[in-house]
Amino acid sequence: APETIAARAMRRRPAALALAAILAAAWIAYSLVTSVRFSSGLARPDPECSSAREVSICSHQLKGMASLPLNDATHPRDGSLAGMTAMWREGITCFDVDGVLTSDGVMLATHPKRFADATGGARPAEMTLARARDAGADEAGFPTLDDVIAHFASLVEATAPDARPYWWRGDDSFARRSVNPRRRGRRPAAPPLTGPVLCLDLKGDALAPAHATRLVRLAENSGVGGRVLVYVYDGGEDDAVLKALATNHPGIAAGLGRRDWDPTHLDADALRRAASRWGATNDDEARRDEARGGIAAIVPSVGFDARWYEAAVQTGLHLVSWVVDDEWTLRTQLARGVSGFITNEPGRMLRALRDTRIRCERKNYW
């Protein structure tokens, strides 16, 4: 009897099912290998997206007001407390502020060169506060560091809880946390900052134990002790500022400043030694979370090579680089896994970072 159509279909069905199963298995395997979400390291991660979501933008010396996308035609002055407020409202909550000392012991929030430009070439140590005000370093553009700390504390207190990014937690901006399982297989990166940060870069005679401890005491009394990062540039066993902070204010974090043009800063192994001496390594993360303080961050210039940055990331400390003022440098720093970056162009970098995040979201990276 001739074979019926139904019989032929039944005879071919196992082969069709086997082919379908093979195609489905191949598709699943391809998805697992190429998907960022489920990759176990076989897929090549996007180096920029690995850090873009949680990276912090830090204002350099409260500059770059003209770059902010403000509706008001008149932008606040560079260096002003009004400028800090304007940046905060745009989502920039990390501030790198320099400090110089006048001859009568007052700390101004400015860089020595900016002070000289405003006062006709004078050095801060040559002028009292009153003379500096008369010479051009007025209160609006050159506030005291005491006023900056108080203003920063008021901004932190006024932030609505529902406006905080999801990775902020507690009152410690340098808390470390375990890596999300979804991030396994992605490019190694430094831990994100877990809250707003005020970085204090004390210049010249201002970088002394007495001045540093007075400022951090003010920060602690204002409720932002866990948000302050004091820069040091030695990091050795005899670092007087680090010793004073560790003894009198163990909850205050220090940032180890590194300059790529300084030959003594090129040694990547020194980062590991400093981390083990004053801070934490990946092996003692639990201890670091229980007791803040010591070196919590490395603060390098952008001129170091990728290998140096890789060693910095491996210390397990936060990593805040400077200065990032263009899109190419931004992409480079994101690829190197920084926690944050310091910029003179906060508005421009804010727009560039938002564009990067949109691109990563469209790729379903997170």
Would you point out the residue of region 339-366, among those that are part of a loop (DSSP other than H, G, I, E, B) and touching a strand residue (DSSP E or B) at 6+ places or on another chain (Cβ under 6 Å), that is farthest from S51 (Cα to Cα)? N344
The number of residues in region 89-123 that are over 30 Å from R354 (Cβ atoms) and of a type in the set (S, T, N, Q) is 3
Selection from region 199-238 of residues among the acidic types (D, E) and touching a residue at least 12 places away in the same chain (Cβ under 8 Å) yields D201, D205, E220, E237
Would you call A122 on the phi < 0 side of the Ramachandran plot and either open to solvent by 50 Å² or more (accessible area, probe 1.4 Å) or not in a loop (DSSP other than H, G, I, E, B) (or both)? no
For L108, only one of the following conditions fails: (1) open to solvent by 10 Å² or more (accessible area, probe 1.4 Å); (2) modelled with pLDDT of 95 or more. What is its number? (1)
Go through region 299-336 and count every residue that is under 24 Å from G170 (Cβ atoms) and touching a residue at least 60 places away in the same chain (Cβ under 8 Å). 7
Select from region 244-272 the residues that are assigned to a helix (DSSP H, G or I), touching a strand residue (DSSP E or B) at 6+ places or on another chain (Cβ under 7 Å) and of a type in the set (A, V, I, L, M) and list them in ascending order. L245, A246, L271
What tally of residues in region 313-338 results from selecting those that are in a loop (DSSP other than H, G, I, E, B), under 23 Å from W261 (Cβ atoms) and open to solvent by less than 10 Å² (accessible area, probe 1.4 Å)? 5
Mind listing whichever residues of region 236-257 are surrounded by fewer than 24 Cβ atoms within 10 Å (Cβ to Cβ) and either within 23 Å of the chain's Cα centre (by Cα) or closer than 15 Å to F174 by Cβ (or both)? V241, A246, H249, P250, G251, G257
Identify, by number, the condition in (1) at pLDDT below 95; (2) of a type in the set (S, T, Y); (3) open to solvent by 50 Å² or more (accessible area, probe 1.4 Å) that T159 doesn't meet. (3)
Which one of these is at pLDDT 95 or above and open to solvent by 30 Å² or more (accessible area, probe 1.4 Å): L229, L200, L207? L207
From A86, A82, grab the single residue that is open to solvent by less than 20 Å² (accessible area, probe 1.4 Å) and not in a loop (DSSP other than H, G, I, E, B). A86
Unique residue being outside any loop (DSSP other than H, G, I, E, B) and at pLDDT below 95 when the list is A280, A296: A296
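The values are calculated or read from the model by the stated rules, or taken from the named source; none is laboratory data. None of these values were measured; they are calculated from a predicted model. Cβ sites come from the backbone with ideal geometry, for glycine too, and all protein chains shown count toward neighbours. In case anyone asks, the SASA skips ligands and DNA or RNA and just uses the protein heavy atoms, side chains included. Shrake-Rupley method; radii C 1.70, N 1.55, O 1.52, S 1.80 Å.
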